[in-house]
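One structure, as C-alpha cells, below. Some questions next.
The values are calculated or read from the model by the stated rules, or taken from the named source; none is laboratory data. It should be emphasised that the depicted structure is a prediction, and the values quoted were computed from it without experimental measurement. Glycine also receives a Cβ, built like all others from the backbone with ideal geometry; neighbour counts cover every protein chain displayed. Quick note on the areas: whole protein, heavy atoms, side chains included, nothing else; ligands and nucleic acids left out. Shrake-Rupley method; radii C 1.70, N 1.55, O 1.52, S 1.80 Å.
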Amino acid sequence: MNTIFSIASKKHSEMIDITAQLKSWVGENNIRDGILVVQSMHTTAGITVNENADPDVQSDMLMRLDEIYPWNHVQDKHVEGNTAAHLKTSTLGHAQTLIIENGDLVLGTWQGVYFCEFDGPRQRRLHAKVISC
C-alpha cells in the first residue's frame, strides 16, 4: 500500500508537521501493523522526526542549519544557487522509517514527523509506503 501526498510550502525554509496526515492515512486504510517509509521526492527537501511540542525547536533547527550551510557562499559553483538546500537535505535525510502498531504510528511523547523545505516556496511530493508485517 502506498500513496503520494502533495505539500505546498509557503516559505523558503520551513518544517511542516505531517504527523496528522500520516496518521489519518494509516487509519483510513485500516493499516494495523507494519513499517511506514516516508520519502521526499526532492533533493532540496527532507524528512525528519523531532519535537512537536515547542515550535521554537523547529525555528532553532532552521537557524542552526542556516549557520552551518549559509545560502550564499562565494565558493559554491552549482548554477541554481541552492547548494545549501542540497546540503541540508543530505544532512537530515530524504526519508524516515516509522513503525505502525495497533493502527497507529509509534512515536515518542514529544515526537512529530516533519517535511523540511529548504528551497521554497514550492509544490512538493511525499511518497509513503507501508510494508505489512
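Look through N82, N2, N72 and report the one residue that is among the polar types (S, T, N, Q) and in contact (Cβ under 8 Å) with a residue 60 or more places away in the chain.
None of the other options fit; the residue is N2.
Conditions first: (1) out of contact with any helix residue (DSSP H, G or I) (no Cβ under 7 Å at 6 or more places or on another chain); (2) surrounded by fewer than 17 Cβ atoms within 10 Å (Cβ to Cβ). F115 passes all but one, so which condition is the exception?
In the conditions (1) out of contact with any helix residue (DSSP H, G or I) (no Cβ under 7 Å at 6 or more places or on another chain); (2) surrounded by fewer than 17 Cβ atoms within 10 Å (Cβ to Cβ), F115 misses (2) alone.
In addition: Can you find a residue in segment 70-87 that is touching a Gly at 6+ places or on another chain (Cβ under 9 Å), open to solvent by 80 Å² or more (accessible area, probe 1.4 Å) and more than 19 Å from G112 (Cα to Cα)?
The answer is yes, given that some residue of segment 70-87 is touching a Gly at 6+ places or on another chain (Cβ under 9 Å), open to solvent by 80 Å² or more (accessible area, probe 1.4 Å) and more than 19 Å from G112 (Cα to Cα).
Here's something else I'd like to know. Residues in segment 1-53 that are surrounded by fewer than 17 Cβ atoms within 10 Å (Cβ to Cβ), in a loop (DSSP other than H, G, I, E, B) and either modelled with pLDDT under 95 or among the small types (G, A, S) (or both): how many?
Of the residues in segment 1-53, 2 are surrounded by fewer than 17 Cβ atoms within 10 Å (Cβ to Cβ), in a loop (DSSP other than H, G, I, E, B) and either modelled with pLDDT under 95 or among the small types (G, A, S) (or both).
Within segment 86-133, which strands (runs of 3 or more DSSP E) (wholly inside it) include 1 or more residues that are over 22 Å from L65 (Cα atoms)?
95-101, 123-132
Further question on the same structure: Could you list, in sequence order, the residues of segment 64-93 that are farther than 16 Å from A45 by Cα and modelled with pLDDT of 95 or more?
Passing the criteria: R64, E67, I68.
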